[in-house]
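Any read-out appearing in this document is the output of simple, stated calculations on the displayed coordinates, not a laboratory observation. These figures come from a predicted structure and were not determined experimentally. Using ideal geometry, Cβ is built from the backbone for each residue, glycine included, and neighbour counts are taken over all protein chains shown.
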Amino acid sequence: MTLRSSDPILDVRDLKVAIRTDDGLAKILDGVDLSIGRGEIVGVVGESGCGKTTLVRSILGTLPRTARVEDGEILFEGQDLLTLSDRDMTRDIRGKRISFIPQDPYLAFNPVFKVGTQLLEIMRWHGPNRLGGKSKGGAGSARDRDRKRLVELLRFVQVPDPESCLERCPHQFSGGQRQRLLIAGALACDPGLVIADEPTTALDVTTQLQILKLLKGLADEFGVSMLFVTHDFGVVAQLCDKVSVMYAGQSVEFGSTADCLNNPRHPYTQKLIACHPDRSDDLAGIPGTVPSPVVPPSGCRFHPRCDKAMPDCALRKPDTTLVGPDHRVDCVLYQDRPPSRSAQVPHHV
């Protein structure tokens with residue numbers, strides 16, 4: 001097992017992204033902070049429309065043309081990805097040092113090509129010591145090395161009969177098997193960071209659990225860092241070392257999974273956890289909806305839905321406060337003065 005380091009492999013600092021729409025400028029991300037240590041799995045959780053996918057696309061450099069980064073940094077291994085051209089991102093970062101596991105295993109593969117053809121093409125262009133699809137030692141020897149490496153990975157992710165599966169088409173695999181193929185493809189080029197965008201959403205509960213255990217084991221075995229996007233705190237509890245909670249394009253809480261689950265500080269985190277069936281008796285949701293990024297509320301964006309809101313909440317965006325070892329929260333309840341008794345957070349949910 002690879003020893004973990006506290007030095008972040010990814011450090012997102014005060015990221016702000018806006019997209020021009022027919023209705024006006026939509027501030028999709030408005031001050032997002034996130035750090036991932038080497039070998040860590042960090043979950044990003046929040047309702048639909050909170051900016052999780054935009055965060056992923058910002059890191060990968062695949063934002064739409066109508067989007068612009070207004071402020072912030074995305075430091076990967078000390079290098080600001082926002083300063084790189086799309087050509088440099090394609091050649092040096094995407095698929096090589098940062099790989100991606102998509103949400104839907106049924107749409108990720110081209111149905112007319114064999115699985116082996118598609119996975120080996122990734123390795124041809126993004127594998128170690130590759131540049132423009134070329135490598136030392138000749139094309140034939142490179143393909144042989146890639147194929148051997150891929151078979152080993154398929155065996156590791158428990159794909160049955162890995163040698164022959166490369167000659168099969170995507171429709172010949174179940175959803176869980178396709179997701180295992182995608183995980184193997186994401187690891188094939190020895191990345192430092194893997195981004196998984198809700199990779200278990202399209203799978204049944206039993207298969208989802210198998211994939212989560214597999215991802216956890218792979219992170220430990222290969223020492224790879226992982227950014228796991230989800231809306232389910234149950235998935236976070238099973239997989240992630242740390243969790244970042246996002247609401248309406250803003251970071252509201254970050255800390256270890258145990259701290260955020262057992263002692264959530266931000267009212268939004270508390271309500272998200274309370275929505276989980278294992279933690280709620282009446283399946284009550286959160287009143288209201290995520291606000292429009294075109295006309296967001298002033299101050300803390302959650303204050304119109306928050307039952308602990310105070311006048312200050314509508315006046316200014318709260319600063320980040322350290323409430324425990326590596327546990328940060330953006331909420332006025334923990335700033336300037338101690339919260340009143342009625343605003344105290346319970347030590348369990």
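The table for this structure:
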{"quantity": "Angle between the chain longest axis and helix 115-126 axis [Cα atoms, degrees, rounded to 10]", "calculated": "80 degrees"}
{"quantity": "Once exposed loop chymotrypsin sites (Phe, Trp or Tyr not before Pro) are cut out (DSSP; at most 16 other Cβ, 10 Å), longest piece of the chain", "calculated": "114-349"}
{"quantity": "Sequence-distant residues sharing a close amide H with GLY37 (under 5 Å, placed H)", "calculated": "ILE9"}
{"quantity": "Top of GLU40, GLU198, GLU167 by mean-square fluctuation, Gaussian network on the chain, Cα under 10 Å", "calculated": "GLU167"}
{"quantity": "Candidates ASP23, ASP330, ASP11: whichever shows maximal mean-square fluctuation once the chain is modelled as a Gaussian network with Cα springs under 10 Å", "calculated": "ASP23"}
{"quantity": "Among ASP220, ASP80, ASP161: highest mean-square fluctuation, GNM of the chain, C-alpha pairs under 10 Å", "calculated": "ASP161"}
{"quantity": "Charge dipole magnitude, Cβ of K and R +1, D and E -1 - the chain, Cα centre, debye nearest 20", "calculated": "900 debye"}
{"quantity": "Relative contact order for the chain, counting Cα pairs under 8 Å that sit 6 or more residues apart, in percent", "calculated": "21 percent"}
{"quantity": "Gyration tensor (alpha-carbon) shape descriptor, region 12-108, a/c threshold 1.5", "calculated": "rounded"}
{"quantity": "HN-Hα J in Hz across region 205-216 - Karplus 6.51, -1.76, 1.60, θ = phi - 60°, x for Gly and Pro", "calculated": "4, 5, 5, 4, 4, 4, 5, 5, 5, 5, 4, 4"}
{"quantity": "Stretch gain in nm, segment ASP190-GLU77, where the contour uses 0.36 nm per residue and the Cα spacing is subtracted", "calculated": "39.2 nm"}
{"quantity": "Label-point gap, in nm, between LEU107 and THR90 - each point 7 angstrom along Cα→Cβ", "calculated": "2.2 nm"}
{"quantity": "Cβ-derived FRET efficiency at R0 45 Å, ASP220 paired with ARG20, nearest 0.05", "calculated": "0.55"}
{"quantity": "Computed helical MRE - 222 nm, the chain, DSSP H runs ≥ 4 contributing -39500 (n - 2.57), nearest 500", "calculated": "-8000 deg cm²/dmol"}
{"quantity": "Length gained when the stretch LYS213-LEU315 is fully extended (0.36 nm per residue, less Cα-Cα span)", "calculated": "32.3 nm"}
{"quantity": "Under 17 Å, Cα to Cα: Lys pairs in the chain, sequence gap 8 or more or different chains", "calculated": "13"}
